[in-house]
Amino acid sequence: MRAIVIDGFGGADRLRSAELPTPAPSSGEVLIRVACAGVNPVDWKIREGMLQTQFQHHFPLVPGWDAAGTVAALGEGVADFAINDRVWAYCRKPEVQWGCYAEFVTMPAEAVAMMPASFDFEQAAALPLVGLTSWQALFDTAGLREGQTVLIHAGAGGIGSLAVQLAKSAGATVIATASAGNHAYVGDLGADHVLDYTAEDFVAATRALFPDGVDVVYDTIGGDVLRRSYRVLRQGGFLVSIVDTPSADEAARVGVRQAFVFVAPNGDQLRQLAALVDAGRVRPPAITLMPLDEAADAQRLSRHGHVRGKIVLKVA
Ligand SMILES: NC(=O)c1ccc[n+]([C@@H]2O[C@H](COP(=O)([O-])OP(=O)(O)OC[C@H]3O[C@@H](n4cnc5c(N)ncnc54)[C@H](OP(=O)(O)O)[C@@H]3O)[C@@H](O)[C@H]2O)c1
C-alpha cells in the first residue's frame, strides 16, 4: 500500500512516500480502506518525538490517528460490519507505528463506527479525534450539562470547532476565544460570546460577562492560558485541560476541580456523534483538503497553530 512514513524523529522533511505491505486484520479487527485522513497537532508532535515517554514508537512509522473510509476486510469474529461499510475511527493504538496516512489501516472493531450518512469522507475524517476529545473532556470529565456556562479556548481550532457545537447541543452557554478574523466563524458554530484573546484579557472579559465565574473551562492551549484559567471559574467549577496537567494545589487553593484528559478510542461515542451529525446538530468544521503527498506541508501548516477548523489529507 502507499503510505507516508518517517524513519526517525525530526522535521517535516523527514516525511516521505513509501510502499508498505498492506496490514491484515487480526481477530476482532477491521481493515479500513482509508479515503481521507485527518491531520492533528499530535501528528507533528509524534514526528518530533514529543510523545516518546507516553508510547513505544516503531519505524518506519506511519503518522495519523483519524480515518474515514470503507471496510476492506474483517478479522475473525467481527460481526458488526460488512465489506464496503462507510466507517470512521480514531486510530490510536497502544504502540505508535501503523497510522492513517496510508491506503489501509486496521483498528479493533469496538473503536470503529459507521460514519454519519450525511457526511462525505473528508468531513468524516475531520471529526473522530476532536469529537471524542471534546466529548470525553466536556461531558465525561467536567460533567458539562444544560444551563451551565463554559469557556472554550481556541474556538476556531479543530478541537474548538467541535467543542463549541457539542457544548451548545448539550444546552450550555458558550464563551470562546479566537482572534478577530475568526469571530464570525466561531459565532456561526454557535458560540454565544467570542472574546478576542489578542486584544483583551480573557479573565476580565469573562468576569465582565459572568461576574460569579463560569462552570467549566476547556483549556486547549496550556501554559500561561491554563495558569490564568483558574480565575474565571466559579467556586466548585471545573478546569479541564487537554494540553497540560493542571495544578491540584492551585485548584484546591481557589476551590475548583481539575483534570487532564488524553482522548481514548471509543466506538460507542462515535456512534452518538454520528447521530448528532445526522440530526443536524453538529456540522463539519472548516476544512483545508490536501493530497496525501503534501503531508509535510499539512503538518507545517498545523504546527503554525492558526488553522481554522481542520486539515484533511485525501488518500484515495
Ligand atoms: N489530550 C488530548 O487528548 C488532545 C486531543 C486533541 C488535541 N490536543 C491538543 O490540543 C491542542 C489544540 O488542538 P487543535 O486540534 O484544536 O489545534 P489547532 O486546530 O491547531 O488549533 C488552531 C487554533 O488555535 C487558535 N489559537 C492559537 N493560539 C490561541 C490562543 N492563545 N488563544 C485562543 N486561540 C488560539 C487559532 O485561532 P486564531 O487563528 O484565531 O488565533 C487556531 O484556530 C493541541 O496542542 C493538541 O495537541 C490534545
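Brief remarks on what is shown
- Residue pairs, from the table 168/314; 168/310; 93/314, whose Cα atoms sit over 25 Å apart: 168/314
- Fewest-first ordering of 241, 118 by other beta carbons within 10 Å of each residue's beta carbon gives 118, 241.
- Label-zone membership for the range 17-43, site residue 300, 7 angstrom Cα→C-beta point, backbone N under 15 Å: none
- Rounded to the nearest whole angstrom, the semi-axes of the ellipsoid equivalent to the chain, taken from the Cα gyration tensor as √(5λ), stand at 34, 20, 18, largest first.
- FRET efficiency, residue 180 to residue 20 (Cβ-Cβ, R0 35 Å, nearest 0.05): 0.20
- Over the range 123-173, the hull volume per residue, using the convex hull of the C-alpha atoms, is 66 Å³.
- Built amide H within the under 5 Å cut-off of residue 282, gap 5+: 277
- Here the residues 152, 83, 242, ranked from fewest to most Cβ neighbours within 10 Å of their Cβ, fall in the order 83, 242, 152.
- Anisotropy class of the range 1-144 from Cα gyration tensor, a/c 1.5 cut: oblate
- Under 5 Å between amide hydrogens, built in the peptide plane, is the criterion, and for residue 266 it picks out 90 among residues at least 5 positions away or on other chains.
- Over the chain, DSSP H runs of length four or greater, each weighted -39,500 (n - 2.57), average out per residue to a 222 nm ellipticity of -7000 deg cm²/dmol.
- Total formal charge among the other residues, if their Cβ is under 10 angstrom from that of residue 9, Lys/Arg +1 and Asp/Glu -1: 0
- Between the range 234-262 and the range 44-78, the C-alpha centres lie 30 angstrom from each other.
- Prolate/oblate/rounded label for the range 130-260 (Cα gyration tensor, a/c 1.5): rounded
Taken together, the values in this text are just the output of simple stated rules run on the coordinates, not laboratory data. The shown structure was predicted, so the numbers you read here are calculated from the model rather than taken from an experiment. We place every Cβ from the backbone using ideal geometry, glycine too, and count neighbours over all the protein chains shown.
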